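Chemist: Just passing along the structure, written as C-alpha cells.
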Amino acid sequence: MEKERSAIAVIGGGPAGLMTAEILSSGGHQVTIYDRMPSLGRKLLMAGRGGLNLTHSEPFEQFMSRYGAAAPQLRPIIEGFPPSTLIEWAHGLGQETFVGSSGKIFPKAMKASPLLRAWLKRLGGQGVQVRLRHRWRGWDEEGSLLFETPHGPEHVLADATILALGGASWPRLGSDGGWAKILEQRGVEIVPLAPSNCGFAVSWSATFRNRFAGTPLKNIAIKFEGHQARGELLVTSYGIEGGAVYALSAPLRNAIARRGPVEIAIDLRPEASEGDLASKLRTPRGKNTLSNFLRKALHLSPVEINLLREAHGLAFGGDLEILSGKIKCVPVSLLAPQPIARAISSAGGVAFGSVDENLMLRALPNVYVAGEMLDWEAPTGGYLVQAVLASGAFVARAALRRFAL
C-alpha cells in the first residue's frame, strides 16, 4: 500500500526555504511555502544588485575557515552541498557562472532575477504551493501552525515544518527576527541576534566627513588584534563600511561589546614594505607641496592623504623619516557597529545545541531550522549564500529520510 504524501510547511521564502521546498517536492511530498511578504526571494534580489556572489572558488579547507567558530557544525552541511554542486545547480536553472579575479563566483547575468524566475518556475512545476502575506505567529493550542493573514488568523496542520525565516538584517525585506521570542518560549536556546558584515561608526572631523563621505579607499588592509583583511573601504558620513571591515566585523563587534571603542590600523599600501616606502620618500621633494609630493612619489589619493592628517594631525609629514610607518599604520577608532537593520547579515540565532544532527529542534519534533536562523556568520564573498543554500538542502534531505514515501 502506498504511503500517503506528507504535508510539509516551509516558513520563509528566501534561498534556504526555496531550496528545501525544491528538494522535498522533487521527493514527492506536498510542500507549501509561507512568507509574510507579497513576493518571494526579496533579500536574494537585493543581494543580486551587487552581482549575486553565489560562492567562492578557493580551496575547500580555506573556504571552511571563513566560518570561524561555526565551521565544525557547518562542515557536514556544506560537504553535502559544496560550491561545485551549487554551480551545477545554478547551471541547471540556465544560469551559467564565471569566476571573478578575486575568486568569487557569479552568474554571468550578474543579477538574481533570472535565477529566481527560473527557480520559481521549477518549484511551480513540482507542485509547490505558495502562500504570501502570511506572517507566522507560532503554534495554537492544538499544535497547528498559526499565521496572521490579510483575511484573519489561519491555522495549518503540517506533518513537518521547516523554519527558514532568515536573521534580522534588512527587516524591510522580510527577515525581522520576530521568530526568536516564539522559539524561546518553546524552550529553544537563542543566541542574541547581532549585526554582521556591517559598517562602524567613526567620529570624523566635519571637514573630512563633508569632503570625503562616499569616497572609496582601495587596495588597503585592516589590522586588529591579530586579525587582518585586505580589500576596499568606503568612507561614509557615519564612519566606514566595505568588504575589508566586513571581514573583521565579528571580532570588532565583540571587542566593542566587551570594552567599548576599539582602534584599527589601516595600511594604505599593504603591497609595499615600510622600507620600500621610505626609499621612495627619500627622493628630492623640490618645490612640491607635501600633498603633491605624496601623490607623485607614492600615488596617494586625496582621501588617503587627508586620512593621514585626520589620524596624525596637520603636521603628519613633518618627519619624512617616520612617515612610511604612518602610511602603513593609520589608526582609526571605531565607536560602534551599525544597527542590525543596516547590516548585510546577522550573527546569533538558534544555538546549534538546540538542534540535533539533522537540524531538527530538540524541543520541537519535526520542526527543522535552516539558513541564517542558525547561530553562524561569515564574511561576504559567497560564503553567506553557500551556507544558506547548503543548510536548506541538508534539512530537506533529513526530512526526506524521516518521511520516506
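Residues are listed down the side, and each one gets a yes or a no for (1) at pLDDT 95 or above; (2) not aromatic (Phe, Trp, Tyr):
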{"site": "293", "(1), (2)": "no, no"}
{"site": "342", "(1), (2)": "no, yes"}
{"site": "347", "(1), (2)": "yes, yes"}
{"site": "368", "(1), (2)": "yes, no"}
{"site": "373", "(1), (2)": "yes, yes"}
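Chemist: Could you check how many residues of the stretch 219-272 are more than 25 Å from residue 302 (Cα to Cα), of a type in the set (Ser, Thr, Tyr) and more than 22 Å from the chain's Cα centre (by Cα)?
Modeler: Here the count works out to 0.
Chemist: Can you go through 163, 123, 132, 116 and tell me which one is surrounded by fewer than 18 Cβ atoms within 10 Å (Cβ to Cβ) and either under 30 Å from residue 192 (Cα atoms) or in the same structural domain as residue 34 (by TED's automatic domain parsing) (or both)?
Modeler: 132
Chemist: When the residues of the stretch 286-300 are filtered to those that are in a loop (DSSP other than H, G, I, E, B) and free of Cβ contacts under 8 Å to residues at least 24 places away in the same chain, which remaining residue is nearest to residue 218 (Cα to Cα)?
Modeler: Filtering the stretch 286-300 for residues that are in a loop (DSSP other than H, G, I, E, B) and free of Cβ contacts under 8 Å to residues at least 24 places away in the same chain, the one nearest to residue 218 (Cα to Cα) comes out as 299.
Chemist: Report, by residue number, each residue of the stretch 12-37 that is on the phi > 0 side of the Ramachandran plot and at pLDDT 95 or above. Before you say what the answer is, go through the steps one by one.
Modeler: Step one: of the stretch 12-37, the residues on the phi > 0 side of the Ramachandran plot are 12, 28.
If the condition is that a residue be on the phi > 0 side of the Ramachandran plot and at pLDDT 95 or above, then 12 is the only one that fits.
Chemist: Within the stretch 298-326, take every residue that is of a type in the set (Gly, Ala, Ser) and crowded, with 16+ Cβ neighbours inside 10 Å and give me the one that is nearest to residue 234 (Cα to Cα).
Modeler: 301
Chemist: In this structure, is residue 182 outside the structural domain of residue 374 (by TED's automatic domain parsing) and either part of a helix (DSSP H, G or I) or of a type in the set (Val, Ile, Thr) (or both)?
Modeler: no
Chemist: Please go through the stretch 46-65 and pick out each residue that is charged (D, E, K, R) and at pLDDT 95 or above.
Modeler: Once the filter is applied, which keeps residues that are charged (D, E, K, R) and at pLDDT 95 or above, the stretch 46-65 yields 58, 61.
Chemist: Going by the structure shown, is residue 377 within 30 Å of residue 15 (Cα to Cα), assigned to a helix (DSSP H, G or I), under 22 Å from the mean Cα position of the chain (by Cα) and of a type in the set (D, E, K, R)?
Modeler: Against the criterion (within 30 Å of residue 15 (Cα to Cα), assigned to a helix (DSSP H, G or I), under 22 Å from the mean Cα position of the chain (by Cα) and of a type in the set (D, E, K, R)), residue 377 does not qualify.
Chemist: Would you confirm, using the coordinates I've provided, whether residue 204 is closer than 30 Å to residue 29 by Cα and of a type outside the set (Gly, Ala, Ser)?
Modeler: Values: closer than 30 Å to residue 29 by Cα: no; of a type outside the set (Gly, Ala, Ser): yes.
So residue 204 fails the test.
Chemist: Moving on. Starting from residues that are among the hydrophobic types (A, V, I, L, M, F, W, C) and over 20 Å from residue 383 (Cα atoms), keep the ones in the stretch 223-244 and report whichever is surrounded by the most Cβ atoms within 10 Å (Cβ to Cβ).
Modeler: 235
Chemist: Mind checking whether some residue in the stretch 12-29 is hydroxyl-bearing (Ser, Thr, Tyr) and surrounded by fewer than 17 Cβ atoms within 10 Å (Cβ to Cβ)?
Modeler: Checked the stretch 12-29: at least one residue is hydroxyl-bearing (Ser, Thr, Tyr) and surrounded by fewer than 17 Cβ atoms within 10 Å (Cβ to Cβ).
Chemist: State yes or no: is residue 311 within 28 Å of residue 227 (Cα to Cα) and either more than 38 Å from the chain's Cα centre (by Cα) or part of a helix (DSSP H, G or I) (or both)?
Modeler: yes
Chemist: Moving to a separate point now. Among the residues of the stretch 79-91, are any surrounded by fewer than 19 Cβ atoms within 10 Å (Cβ to Cβ) and aromatic (Phe, Trp, Tyr)? Write out each step before concluding.
Modeler: Keep residues of the stretch 79-91 that are surrounded by fewer than 19 Cβ atoms within 10 Å (Cβ to Cβ), which gives 79-80, 82, 84-85, 88-89, 91.
Of the ones still in play, those that are also aromatic (Phe, Trp, Tyr) are 89.
Yes; the residues of the stretch 79-91 include at least one that is surrounded by fewer than 19 Cβ atoms within 10 Å (Cβ to Cβ) and aromatic (Phe, Trp, Tyr).
Chemist: The conditions are (1) in contact (Cβ under 8 Å) with a residue 40 or more places away in the chain; (2) buried (at least 21 other Cβ atoms within 10 Å of the Cβ), and residue 355 fails exactly one of them. Which is it?
Modeler: (1) is the only condition that residue 355 fails.
Chemist: Check whether at least one residue in the stretch 245-261 is buried (at least 20 other Cβ atoms within 10 Å of the Cβ) and in a loop (DSSP other than H, G, I, E, B), and report yes or no.
Modeler: The answer is yes; a qualifying residue exists.
Chemist: With the structure loaded, tell me whether residue 355 is more than 24 Å from the chain's Cα centre (by Cα), modelled with pLDDT of 95 or more and farther than 30 Å from residue 97 by Cα or whether it fails that test.
Modeler: Spelling it out, it is not the case that residue 355 is more than 24 Å from the chain's Cα centre (by Cα), modelled with pLDDT of 95 or more and farther than 30 Å from residue 97 by Cα.
Chemist: Pairs only if they're at least six apart or on different chains, beta carbon under 7 angstrom, first in the stretch 327-347 and under 7 Å from residue 195 (Cβ atoms), second among the polar types (S, T, N, Q) and not in a strand (DSSP E or B); list them, first residue then second.
Modeler: From residues that are under 7 Å from residue 195 (Cβ atoms), the pairs are 337/249; 340/169; 343/169; 343/197; 346/169.
Chemist: Return the residues of the stretch 135-154 that are under 28 Å from residue 401 (Cβ atoms) and surrounded by fewer than 16 Cβ atoms within 10 Å (Cβ to Cβ); say none if nothing qualifies.
Modeler: Scanning the stretch 135-154 gives 138, 142, 143, 144.
Chemist: Just for strands (runs of 3 or more DSSP E) wholly inside the stretch 315-373: which have at least 3 residues that are outside the structural domain of residue 159 (by TED's automatic domain parsing) and closer than 26 Å to residue 175 by Cβ?
Modeler: So the answer is none; nothing clears 3.
The values are calculated or read from the model by the stated rules, or taken from the named source; none is laboratory data. Predicted, not measured: the structure shown is a model, and the values here were computed from it. Quick reminder, even Gly has a Cβ in these numbers, built from the backbone with ideal geometry, and neighbours come from all protein chains shown.
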